[in-house]
Structures are given as structure tokens and as C-alpha cells.
1. Quick test for you: out of Val177, Val207, pick the one residue that is outside the structural domain of Thr90 (by TED's automatic domain parsing), over 16 Å from Arg122 (Cβ atoms), surrounded by 16 or more Cβ atoms within 10 Å (Cβ to Cβ) and of a type in the set (Val, Ile, Thr).
2. For residues that are in contact with a helix residue (DSSP H, G or I) (Cβ under 6 Å, 6 or more places away or on another chain) and more than 13 Å from Leu201 (Cα to Cα), scanning just the stretch 118-134, find the one that is modelled with the lowest pLDDT.
3. Take residues that are out of contact with any Gly (no Cβ under 8 Å at 6 or more places or on another chain) and within 29 Å of Tyr67 (Cβ to Cβ) and tell me which of the strands (runs of 3 or more DSSP E) falling wholly in the stretch 1-52 contain 1 or more.
4. Quick check, is Asn180 of a type in the set (S, T, N, Q) and assigned to a helix (DSSP H, G or I)?
5. Give the residues of the stretch 224-242 that are surrounded by fewer than 18 Cβ atoms within 10 Å (Cβ to Cβ) and in contact (Cβ under 8 Å) with a residue 24 or more places away in the chain, sorted by residue number.
6. Name every residue in the stretch 110-145 that is surrounded by 16 or more Cβ atoms within 10 Å (Cβ to Cβ), touching a residue at least 12 places away in the same chain (Cβ under 8 Å) and among the aliphatic types (A, V, I, L, M), in order of residue number.
Amino acid sequence: MRVKYELDKKNIMFKEFLLDIKNYFSENQNTIHKARNELKIISYNDVSTVVKAFRVPNILNQVVYAYVRNSKAKKSFLNAQKLQDLNINTPEPIAYIEFYNNLLFKESFFIAKEYKYDFTIREPLRNLELKNAELILKQFVHFTYNLHKNGVYHKDYSAGNILVLKKDENTYEFSIVDINRMEFKKVDLTLGLDNFAKLWLDDANLVLIAKEYAKVAKEDENNCIEILKKADKKLKDFVLFKRKIRGKN
């Protein structure tokens, strides 16, 4: 079996852990998420890490990831390094590793230091009782605008991928995860507002976010509301259509 990997230069002390990651992962029971991929919190030399094991892809993608495109694990690692270079908060990358068999891509892992957070952005969007919900969302809009200003477009900007840490009574820190689907390019007003669509906004939060984005971007408020309304409706209509096709209400 062939192995490819890269360690972040600040974290070369994790090499032994990385090269034995399959054993560490299989022996650890601390799963924090399991769907297509699985995430576990694993401690190594008193450092808490989050290890993401990506599902073995289908045979076509085993060829593609072996010879054509970067794997999701490698993209996660490289994107995390780019974000840190831009001073954008994401869990500190440690390494990625890929395993090959018979010249085909098989298993892969991305490892980062654990980021301690209080909740995801889903809480202020859904929990009407959450203190400072409006303030959190406004600060989140400023964080998002900074992403866009730096040419960062997170293609899976959903509520569960935006972590929130309370710094003090009126200040919140945000961190983005699940970053393998990301583009670094110019983000104009329409694309920037479209980035909020996956949050599945209600009317009140949609208007709040559009107004705050207009304020920080120095754009027309009503225009921003209309752009976000169109993006929100387009995504919701598409999801509902897919559900009907699949026979779900």
C-alpha cells in the first residue's frame, strides 16, 4: 500500500500519530459526527485533535483522486493553510494523509486541532430565546463579508459549518469548518449574498442579514434584500423539487 501525506510545518511532531492514524482512528470511540464521513476527537500527547475520515469514493473517483484532482482531505488541509494565511479563523491544520492500493486512491484523513466553541450559527437562527441572537448574526455578517473581501467563497456555507465562540458579553468569534469545497476568487455582491442561502433563513433573519451586509458593503439596502430573497427562494424551490421527485413531502 502506498501513502501520501503532508504535515503542517508547525506540527511536525504529529508525524508518528499521522502515519499510524488508521489504528488510532479504529481504536477511538469518540465519534462526534458520522454520515458520509466520520469525525472523531482523538488526543495525542495531550493535544486534542479532530480527525476526519473521508468515505472511500466510488471506483471512478478512486482514479480521479489518484491522477487528476486533489482529494477532499488534501483540499481541506491546503484550504485551512490558505485561510490561516489570510487571518481567517478555521481549526489549525495538522496534516492530511492518503492511502492507495493497486494504484487506486482509497482511504484519506484530515487532522486539525480541536476548536472549542459554544454553538453553531444555527442557534441564533433558530433559538428565539438565545441571548444576543441579533448581535451574533450581525457580527457573523461582518465575519462573512471579511471572507468575501479576501476572495474566499465557502461552497457549503451551511449552519452546522459555522462555529461560534463567545469571547465576552458582547463579542463573538466565528470559525469555519468542512472547508474542502471552497473557492478563492473575486466575490461580488450577488455571489456574496447568495452565500447565505444555505442557512435556510426565515423572513426576519433574511432581512436582518441583507441589511447588515448592505451596511458593511456600503450597498443599497433594498437591492441587497431582493438579491438575498431571490437566492433563498431559488435554493428552497430546488430542494423542495428534489424532495417531490424522491416522493418526500
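The values are calculated or read from the model by the stated rules, or taken from the named source; none is laboratory data. As the structure is a prediction and not an experimental result, all values here were calculated from the model. A quick note on method: Cβ atoms are made from the backbone with ideal geometry, for glycine too, and the neighbour counts reach across all protein chains shown.
1. Details: Val177 fails: over 16 Å from Arg122 (Cβ atoms).
On inspection, the qualifying residue turns out to be Val207.
2. Leu130
3. 2-7, 38-44
4. Details: of a type in the set (S, T, N, Q): yes; assigned to a helix (DSSP H, G or I): no.
Judged against the criteria, Asn180 is not a match.
5. Within the stretch 224-242, Lys234, Leu235, Lys236 qualify.
6. Across the stretch 110-145, the qualifying residues are Ile111, Ala112, Ile121, Leu125, Ile136, Leu137, Val141.
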